[in-house]
Every structure is written in C-alpha cells, then in structure tokens.
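Asks: This is the structure I want to talk about, given as structure tokens.
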Amino acid sequence: MSALDEFSAELKTLQAAVSPAAGVDVELTLQASERRTIGWGEGRPNLNNASASRGACLRVIASGGQGIATTTVPSVEALKSLSVRAIEAARSTGADANRGVAWPPLSYPPPVPTDAAVLSRPSDEILEELRSLEAAALATDKRLKKVVRLNYSEARYRQGVSNNRGVHAVGEGTASSFSLELLAVDGDITEAAWDFEGHRLGKNLCLAEIVRRTAEDAVRLLGGSPMATGKYPVVLHPRV
C-alpha cells in the first residue's frame with residue numbers, strides 16, 4: 001500500500017468516526033505535509049530546518065446552520081469531540097437554505113505528477129552541492145565578493161476531503177525551490193542580485209544555471225547611474 005493509499009484509508013476512518021444525526025451533513029478535510037530547507041552562505045552552512053504538520057477541519061451543516069471545528073491532532077477520539085463542537089456551532093448560527101456539502105462528481109481529475117525523490121537526499125550531500133555552487137559563483141568574476149545565501153527547499157504534501165454523501169478525494173504534490181543572493185563590489189559601489197525558482201519536480205530545477213544567471217545580473221548592475229527625469233520606453237524582465 002502506498003503512502004497516499006494509507007492517507008486515503010485514514011481519511012475514511014476519521015470521517016466514519018463522525019456519524020451524522022438525521023438531517024446533519026458532515027465534511028472532513030485532512031492535510032499532512034513535510035518540508036525542509038537547507039542553506040549555505042558566506043562559506044558555511046547557515047540553515048537546516050525540517051518540519052512536519054498535520055491537521056483536520058470538520059464542517060457540519062445542521063438545519064441550514066454551519067459549524068466548523070479544527071484540530072492539529074487528527075484521531076478518531078479527537079474527531080468525535082470535534083463533531084460535538086461543530087454541531088453546537090451549526091445549531092447556533094443563522095439558517096441558510098443554500099448551505100450544503102457536495103455530492104460525488106461523475107469522475108475525479110487525474111493526479112498531478114509528483115517527485116518520488118523529494119526529501120530523499122542526505123543533508124550533507126545537498127550542503128556539498130551548495131558549497132560547490134558558492135565556489136563556482138565566486139570564481140566567475142573577481143568583482144563577486146560574497147554569496148549571502150543559497151537556500152534549497154523541498155516539500156511533500158497530501159490532502160483529502162470526504163463527506164457523508166459519498167465524496168472521497170485525495171491527492172498529493174511535491175515542490176522543490178531554490179533562492180540565492182549575491183553581492184558584487186567595484187570600488188565604493190556594491191550591488192546585490194537575487195533570484196528564486198520553484199518546480200513540482202526537482203529534476204526541473206537547475207541550480208547551476210540559476211547561480212550563473214544571478215552572478216551575471218550582480219555584475220551587470222555595477223556602474224549604473226540615475227537617469228534624467230523624462231519619458232522612456234521600458235522593457236521589463238518577466239520576473240518584474
């Protein structure tokens with residue numbers, strides 16, 4: 001059984017624990033994520049953060065009233081307690097005949113591509129890559145004096161929704177991103193350049209190319225001067 005199958009089974013178990021009374025609809029949303037960020041700058045490691053989060057949100061519709069309750073510790077016991085609070089909240093709010101939970105669709109959309117390798121590389125291996133990128137950047141031009149930061153981040157998240165009318169949908173996604181900041185110095189002039197790029201799949205993230213491009217930007221900024229006030233045609237970079 002895959003991790004997403006296990007997540008789907010957990011969602012079904014939690015939703016089944018909340019038995020709606022007559023005339024009451026319940027909808028449960030479940031979320032789980034893992035992420036880490038590893039950083040290097042000024043010749044040494046400067047960041048190594050990892051985190052994981054889980055949460056559930058229960059929405060109840062009773063006689064047109066809506067109640068919502070959340071928890072960061074989703075369990076059968078927590079959901080039973082949560083349902084009592086949500087039903088009480090629903091019955092104390094104004095009725096709205098247009099409130100409701102969804103019916104199952106004819107079909108669900110296909111899953112989005114995910115990165116099976118995300119969060120699998122050792123931290124030391126990533127730090128060594130960042131160290132090499134710093135050295136390569138500083139070697140491209142003597143005016144490049146400092147790599148302020150190189151941050152590599154990656155995450156995996158799963159989410160799903162299930163209700164008493166038969167809706168049950170789960171999905172997962174991954175993301176990898178890279179950000180950096182460089183300083184170029186020429187005499188009394190210092191310029192900073194930065195960039196950021198992110199993709200669903202880590203293989204689409206070319207760190208060396210991002211560093212090369214940003215290093216060129218930092219050097220290109222040197223020697224700039226104010227322009228006289230006036231009207232000028234301007235071409236903006238897509239990032240702007």
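Asks: Go over the candidates LEU138, LEU150 one by one and state the one that is open to solvent by less than 80 Å² (accessible area, probe 1.4 Å), without any contact (Cβ under 8 Å) to a residue 24 or more places away in the chain and touching a strand residue (DSSP E or B) at 6+ places or on another chain (Cβ under 6 Å).
Replies: Only one candidate passes the filter, namely LEU138.
Asks: Give the residue, chosen from VAL76, VAL112, VAL118, VAL101, that is farther than 20 Å from ALA22 by Cα, open to solvent by less than 70 Å² (accessible area, probe 1.4 Å) and touching an Asp or Glu at 6+ places or on another chain (Cβ under 6 Å).
Replies: Exactly one residue qualifies, and that residue is VAL118.
Asks: Please go through the stretch 51-73 and give me each residue that is open to solvent by 90 Å² or more (accessible area, probe 1.4 Å) and either under 28 Å from ALA3 (Cα atoms) or charged (D, E, K, R) (or both), ordered by number.
Replies: ARG54, ILE68, THR72, VAL73
Asks: Can you pull out every residue in the stretch 29-43 that is open to solvent by 70 Å² or more (accessible area, probe 1.4 Å) and in a loop (DSSP other than H, G, I, E, B)?
Replies: GLU42
Asks: If I go through the stretch 159-215 residue by residue, how many of them are open to solvent by 50 Å² or more (accessible area, probe 1.4 Å), among the polar types (S, T, N, Q) and assigned to a strand (DSSP E or B)?
Replies: Final tally of qualifying residues: 2.
Asks: If you don't mind, there's one more thing I want to ask. Which residue is farthest from ARG149 (Cα to Cα), if the candidates are limited to the stretch 216-240 and must be charged (D, E, K, R) and open to solvent by 60 Å² or more (accessible area, probe 1.4 Å)?
Replies: Taking the stretch 216-240 first, the residues charged (D, E, K, R) are 216-217, 220, 231, 239.
Pick out the ones that are also open to solvent by 60 Å² or more (accessible area, probe 1.4 Å) and you get 216, 220, 231, 239.
Working: GLU216: 16, ARG220: 19, LYS231: 37, ARG239: 19 Å.
Ranking the candidates gives LYS231 first.
Asks: Please enumerate the residues belonging to the stretch 79-98 that are assigned to a loop (DSSP other than H, G, I, E, B) and open to solvent by 90 Å² or more (accessible area, probe 1.4 Å).
Replies: SER92, ALA97, ASN98
Asks: Here's something else I'd like to know. Taking ASN46 as meeting all but one of (1) over 23 Å from ALA169 (Cβ atoms); (2) crowded, with 17+ Cβ neighbours inside 10 Å, write down the number of the exception.
Replies: Here ASN46 clears every test but (2).
Asks: Can I ask one more? Of all residues in the stretch 64-78 being in a loop (DSSP other than H, G, I, E, B) and polar (S, T, N, Q), which is nearest to ASP25 (Cα to Cα)? Before you say what the answer is, go through the steps one by one.
Replies: As a first pass, look at the stretch 64-78 and keep what is in a loop (DSSP other than H, G, I, E, B): 64, 72-75.
Then drop every residue that is not polar (S, T, N, Q), which leaves 72, 75.
On the way: THR72: 22, SER75: 20 Å.
The qualifying residue nearest to ASP25 (Cα to Cα) is SER75.
Asks: Look at the stretch 1-28 and say how many of its residues are open to solvent by 60 Å² or more (accessible area, probe 1.4 Å) and outside any loop (DSSP other than H, G, I, E, B).
Replies: 5
Asks: Tell me which of these ASN49 doesn't satisfy, since it passes every other one: (1) assigned to a strand (DSSP E or B); (2) of a type outside the set (Gly, Ala, Ser); (3) touching a residue at least 24 places away in the same chain (Cβ under 8 Å).
Replies: (3)
Asks: Condition test on THR93, is it over 23 Å from the mean Cα position of the chain (by Cα), polar (S, T, N, Q) and more than 30 Å from GLY41 (Cα to Cα)?
Replies: Yes.
The values are calculated or read from the model by the stated rules, or taken from the named source; none is laboratory data. Remember, it's a predicted structure, so these values are computed and weren't measured experimentally. Backbone-built Cβ (ideal geometry, glycine too); neighbour counts: all protein chains shown. Quick note on the areas: whole protein, heavy atoms, side chains included, nothing else; ligands and nucleic acids left out. Shrake-Rupley method; radii C 1.70, N 1.55, O 1.52, S 1.80 Å.
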